Every structure is written in structure tokens, then in C-alpha cells.
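K.L.:
The structure is given below, and queries will be raised subsequently.
Read-outs throughout are calculated quantities, based only on the coordinates presented, and are distinct from any laboratory measurement. All of these numbers come straight from a predicted model, not from anything done at the bench. Using ideal geometry, Cβ is built from the backbone for each residue, glycine included, and neighbour counts are taken over all protein chains shown.
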DNA sequence: GAAAGTAGTTCATTCATTGAACTAGCTCAC
DNA sequence: GTGAGCTAGTTCAATGAATGAACTACTTTC
């Protein structure tokens, strides 16, 4: 999205949000970032997104302060900022709606409070302890609607199929 | 969005949702529908969207069961179905994020429980009575961040600036 | 029956996306 | 250091979608 420059609507925060995260691919990139993807090549491979588009999207996400680009000794990483992490309710709501109407076998991913294993309700509250669970304490794991991938599972996809905390980096080679 | 046909990701309900509501303009149309817009011409005028695009979006929303097209005595109306109303948490989350990061003067629109006037918290719960307020009982009104429109306010924009219940149809001529 | 309104189409132009190939810089082994 | 291999990011031709303005077809109203 975002063409002539934006949506015209000055009085709607929905329009304003969509100007930042409403373009094709953008929320998929953000989702991957929640799932621990940080490297350019991993985003590209995982999403099947053209590299030129990925470059453009990451650039605008960084410019908007949703992600930050960190270069450390030749290694480039993209991470969500606080503003980016604040997108979680949006991502959760979209996953919830898709689960409800397009996943008859049940939710594709289950979220839990990693501390006590309690499931999270639609508002992100732990059904065990009642707390509103902060993003880094959310564990995500395959749910009843999850369909194991056919074909060779690359390391990143494999990590996606394993219970893990949000934001925890995907490891691309076994730590040595 | 949604080009070659879709996103490839079979295991993510976020991708699935974006295939339905992720294209440019789609969520703006849905928002207008929550605000009571039902007529083709009102969507077109309110959003400044090219009519050809509007036709295409409405067609796919109807096909997906998010909206329904009703023709009654020459009058055509588009309305949200239950599945469409279930998009409210997504719309709310997007408005919330935009308010938080792009509306320094405060939220652009306030939502209340129409029965008792209580404000709704981010989860959509009434701060007066504690109930999770169903969409038709939500009243929306200009908030502290709302900026009155310059220029001639057409009837639809005027309705948007007045406290009203969600889904309640926008009247285009005073009932006679 | 003429005027005005509405839903929707058509079409040339502009712009974004696609996908594949390419560049440039770094790391590591020898 | 030289070469192999990896990674971030660019380039570019082809495709497809968005834009905007004009137009069609149908209704209602007076």
C-alpha cells in the first residue's frame, strides 16, 4: 500500500497505522521478527519475498522506528524496537481471526505464558496466573491446526515448529 | 497485497488473514462499514478510492463472506457479516497503535459502552460495568486528538464527527 | 419525459512487484 | 595474501495493479 503517498484520512489512526505497516509483506516481516528472525537472508528465504522489496520494507520500518538495524562486526541484524513490539496486539488479532475462520482443525499456533505454561486468552492474559503477559515471556508453539511442512525443513522453519519464546533469536547453526 | 495469488505460508493464520483483508484499502473499507457506511458512493467519496478498486475490493469481501451485498428496491447496500464484525479487534488494535505513536494529543476517537457511557479499555472492556462490550453496543466519538475537518463537511464526514453507535447506518438525508 | 442520482465499467497512464542475475564486502582456510 | 564461499543489498526487464477521469446503464423524482 501507501502510494500517492498515503491515505488521505487525517482523523483516523487506522489509516495512520496502515501507512506504516499496511503495505504488502510488512506485517509478515514483523511477524517473522517476533518469531526470532533477524537476518536479511532469513527474512528473504522464509517469506519468499523479492530481495528488492525486502530491502525497501526494512528501510521504511527502520525509518519509522519500528525496527532497528544493527551492524556488529560485519553481521547485520534487524530487531523490533519497543514501538515494533507494540504491534503484537495487531499480529495477535490477525492470527486470531485467521484461526477462527480459516483453520477448522484449531489454532495454528498456541501462545503460552512461558513461566507457568498457562494458555493465553484472546487478550493475551494468562489463564493460569491471570497476568497480562509481556511479549518476551510469551512462548509460541505449534497448535492443533498446525500442519507439518512437507519437503526439507530448513533451520529457520524447523525453529518455527518448535516451542520458543517470542523475540528469541533463531539460531542458524548449532552454537559451537 | 495478494498478488501471484497469495502468501505462501500455509502455517500462519496471519498470512491467511492478510490474504483476505491485507490489500490496500480493504481495512479502510471495513472501518467505514463499522462506522455505518453502506453505500457504494459513500465509500468512494469518504475514502477517495478509485471506483474500480472499490468495486474489486467489495467483490472480494463479499466473496469471502466478510460483507454482504443487499439490493432492495434499487437500493444497494453493503454490510458487515458476523465474520466481518469479528474483524473489530484488528481494527481496534490498529487504531490503538496509531493513537499511541502518531497522535500526541491523545486518541483520535474514543470508544464507550453506549449503555452506561463507560470508556472501553484496550481489550474492549467497559471500565464502568466490566463487561466485554459487543460491537453494536459500542459508541464511538471524537477523542482529544480529533482535528475538526477544514472545508465543507459532507453529511458522511459530519456523521463521523458525531457520537454514534458502531454499525448504525449513516443517514444521507434527514429522515422525512 | 427530462433531470438528477447511483452502481459500476472502461481505459490510458503511472507506479509497484516480481524474479533472476549481479555486485561488493567480509570471513575463513590454506 | 589468495581464493572460495557467504551475506547484504542493487539492478533491471517484464508483469500486474492502482490511479483518475470519463462514460454507461439503471432508477427515482418531479
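K.L.:
Express in whole angstrom the spacing between the alpha-carbon centres of segment B:78-149 and segment A:53-122.
P.N.:
23
K.L.:
Given the peptides A:39-45, B:21-27, arrange them by the average over their residues of other C-beta atoms within 10 Å, most packed first.
P.N.:
B:21-27, A:39-45
K.L.:
Of all the C-alpha pairs in segment A:131-171, what % are more than 15 Å from each other?
P.N.:
48
K.L.:
Take every Cα-Cα distance within the protein assembly as shown, group them into 20 Å bins from 0 onward, and report for each bin the whole-number percent of pairs it holds.
P.N.:
It works out to 28, 58, 13, 0, in whole percents.
K.L.:
Right, here's the next one. Taking the Cβ-Cβ separation of residue A:52 and residue A:79 as r and a Förster radius of 30 Å, what is the calculated FRET efficiency to the nearest 0.05?
P.N.:
Efficiency at R0 = 30 Å is approximately 0.85.
K.L.:
Another question, if that's okay. If each label sits 7 angstrom from Cα along the C-beta direction, how far apart, in nm, is residue B:74 from its counterparts in the other copies?
P.N.:
7.6
K.L.:
Other chains' Cβ within 10 Å of B:87-93 residues: what's the mean?
P.N.:
6
K.L.:
With springs only between Cα atoms under 10 Å apart, run a GNM on chain A and tell me which of A:18, A:54, A:87 wobbles the most.
P.N.:
Looking only at A:18, A:54, A:87, the largest GNM fluctuation is found for A:18.
K.L.:
Treating chain B as a set of equal point scatterers at the Cα positions, no solvent, please give the Debye-formula log₁₀ I(q)/I(0) at q = 0.10, 0.13 Å⁻¹.
P.N.:
-0.42, -0.72
K.L.:
Across 5 Å bins from 0, what is the distribution of all Cα-Cα pair distances for segment B:68-115, in whole percents?
P.N.:
Pairs per bin, as whole percents: 5, 16, 16, 15, 15, 13, 11, 5, 3, 0.
K.L.:
Would you mind giving the mean number of other chain beta-carbons within 10 Å of the Cβ of each residue in A:25-31, as a whole number?
P.N.:
For this peptide, the per-residue mean of nearby foreign Cβ atoms is 4.
K.L.:
Taking 1 over the mean of 1/r across every pair of different Cα atoms in segment A:82-144, what Kirkwood radius in Å do you get?
P.N.:
12.0
K.L.:
Now for a separate question. Across the residues of B:127-134, average count of Cβ atoms on other protein chains within 10 Å?
P.N.:
Across B:127-134, the average partner-chain Cβ count within 10 Å equals 0.
K.L.:
Right, something else. Based on the Cβ-Cβ distance from residue A:158 to residue B:72, what FRET efficiency comes out when R0 is 51 Å, to the nearest 0.05?
P.N.:
Rounded to the nearest 0.05, the efficiency is 0.40.
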